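As structure tokens, the structure follows; a few thoughts come after it.
The values are calculated or read from the model by the stated rules, or taken from the named source; none is laboratory data. If you're wondering where the values come from, they're calculated on a predicted model, not measured in any experiment. All Cβ positions, even for glycine, are placed from backbone atoms using ideal geometry, and neighbour counts span all protein chains on display.
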């Protein structure tokens, strides 16, 4: 597992996560408010994310804290129906779905 260091730049409202080798990495920080459990089960969501992360699906779970988590950032885009015309892309998706199930 990579070790990360939180650094606080000159502007206090901005932070970055750096690997020990000094390279910045992009992350997703998920924060949950006090009534989130009325809408979704944070415990069940965290359990699913831990499982998916451990098996190589989705973002890597880096840190869990009281009201949220930090995950690696996946630089991607949402596919649209016309993307499925690309046979190579469709085959890759099918391959990953087979692995997932």
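The one condition from (1) surrounded by 14 or more Cβ atoms within 10 Å (Cβ to Cβ); (2) without any contact (Cβ under 8 Å) to a residue 24 or more places away in the chain that residue 54 does not meet is (1).
Restricting attention to the stretch 20-63, the residues being closer than 18 Å to residue 76 by Cβ, out of contact with any helix residue (DSSP H, G or I) (no Cβ under 8 Å at 6 or more places or on another chain) and either at pLDDT 85 or above or outside any loop (DSSP other than H, G, I, E, B) (or both) number 10.
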